[in-house]
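Visitor: Sharing a structure here in structure tokens format.
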Amino acid sequence: MGVLLIKLSGVGQIDGQETRLCVELYAQRKGETATTCLDSAGVLDAALRQGGIAKFNIERAIVDSYTATARLETVSPSTSDNGPPVAMAVTLPVRKFDVKVFSDCAEAAVESAIGRTSFSEDDHTLTAMLKTHYPQCYEDWQRDGYHIPPVKEMLVLESGSRARFGMPAASIAFGWGDEMFLSFILERYPLFKNFFELGTGVGVSSLLFGIPAIVRGGWFHSFDLLDKREPSILKAWNPAMSFTECDMDAEPMTDCAEAALALVEDTDLLFVDGGDRLLEIRRYAGLLRPGSGLLVHDWKQYFDYIEGQEEVVIKELEEMGGLVPLYSDLAVHLDSCCMFFIKR
């Protein structure tokens, strides 16, 4: 059995109607087609709440290149002039969806990795979106004519190759393309030495900011709702790195969030990877001093699922705090899901 995950974008809850998501999956090399549906409205709604990812188990899944079509169906009541109400199926297209299929090996590797870290499937659905090029499943790469994955595939956030520092891939939600883009920014701006992070996770990706901080004689401070850093990871945190357990998105603002405002004013690079991206950007990015940078992770996931929303947010940032986007062409080239802004 394999697992099919579909990331839904632009699909909201449809209250009071029976809803199901159906997918037709075509394996290109094998020439096999299978259709599967997620019938429970409650399960689908839960998937939408958990990052918009619907999960299906697929019998006898093979390692292959896949294409897929999907439809969201709702059953809404309609009336007939000659009789009682009847059910009428209405098919709504899923505007965007990403399909991932991986083998039993990758499924087991992900489950094992989640058990070894502070991640959970409920809180971090993306940890399950690891492809068949998970390092522990190298044998899968050679099976069914599927060879070494293209480099571009290994750069994306969802790739199982994203492991760092001897930690499993599930312990870091930061792809190689993201790291290459971050390295470009740090090289481009050698005076960036003070880093402010919203969203610590388990603290592995924090090292990508903490090491430059101590090398350049600056500081790194990270904030998250809960401290999920394990003792083994804490050993790698250097003296320039600090953490505060704080709800940075709360309304009204918590005392710790209020105290952090002064820190933002001395920040060279603000990294937004927490909860409510738009709220965090509006609350903290405007405080950056001229010449500072803003790096937003998962930009497309949050601001490109509704047509025209990305342009609206970019315009708001420019009007609000003089924040201008740069190097987006490079981010796309590297398959990074980050967006960088400079404060004018």
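Visitor: If I filter region 250-261 for residues that are in contact with a Phe, Trp or Tyr (Cβ under 8 Å, 6 or more places away or on another chain), surrounded by 14 or more Cβ atoms within 10 Å (Cβ to Cβ) and closer than 22 Å to Ile214 by Cα, do I get at least one hit?
Guide: Yes: one or more hits.
Visitor: Give the residue, chosen from Leu278, Leu295, that is out of contact with any Gly (no Cβ under 6 Å at 6 or more places or on another chain), modelled with pLDDT under 95 and either part of a helix (DSSP H, G or I) or not charged (D, E, K, R) (or both).
Guide: Leu278
Visitor: Could you list all residues from region 318-342 that are assigned to a loop (DSSP other than H, G, I, E, B) and either touching a Lys or Arg at 6+ places or on another chain (Cβ under 7 Å) or open to solvent by 40 Å² or more (accessible area, probe 1.4 Å) (or both)?
Guide: Gly322, Tyr327, Asp335, Cys337
Visitor: Give me a count of the residues in region 186-204 that are hydrophobic (A, V, I, L, M, F, W, C) and in contact with a strand residue (DSSP E or B) (Cβ under 6 Å, 6 or more places away or on another chain). Steps first, answer last, please.
Guide: Going residue by residue through region 186-204, those that are hydrophobic (A, V, I, L, M, F, W, C) are 186, 191-192, 195-196, 198, 202, 204.
Narrowing further to those that are in contact with a strand residue (DSSP E or B) (Cβ under 6 Å, 6 or more places away or on another chain): 192, 195-196, 198, 204.
Residues meeting the conditions: 5.
Visitor: While we're looking at this one, here's another question. With the structure loaded, tell me whether Leu182 is in contact with a Cys (Cβ under 9 Å, 6 or more places away or on another chain), closer than 20 Å to Asp273 by Cα and outside any helix (DSSP H, G or I) or whether it fails that test. Walk me through how you get there before you give the answer.
Guide: Values: in contact with a Cys (Cβ under 9 Å, 6 or more places away or on another chain): yes; closer than 20 Å to Asp273 by Cα: yes; outside any helix (DSSP H, G or I): no.
No: the conditions fail for Leu182.
Visitor: Please go through region 217-242 and give me each residue that is open to solvent by 40 Å² or more (accessible area, probe 1.4 Å), among the hydrophobic types (A, V, I, L, M, F, W, C) and either modelled with pLDDT under 95 or closer than 18 Å to Gly274 by Cβ (or both), ordered by number.
Guide: Leu225, Leu226
The values are calculated or read from the model by the stated rules, or taken from the named source; none is laboratory data. Remember, predicted model here, so these are calculated numbers, not experimental data. Using ideal geometry, Cβ is built from the backbone for each residue, glycine included, and neighbour counts are taken over all protein chains shown. The protein model used for the area step is the full one, side chains on, heavy atoms only, and it has no ligands, DNA or RNA in it. Shrake-Rupley method; radii C 1.70, N 1.55, O 1.52, S 1.80 Å.
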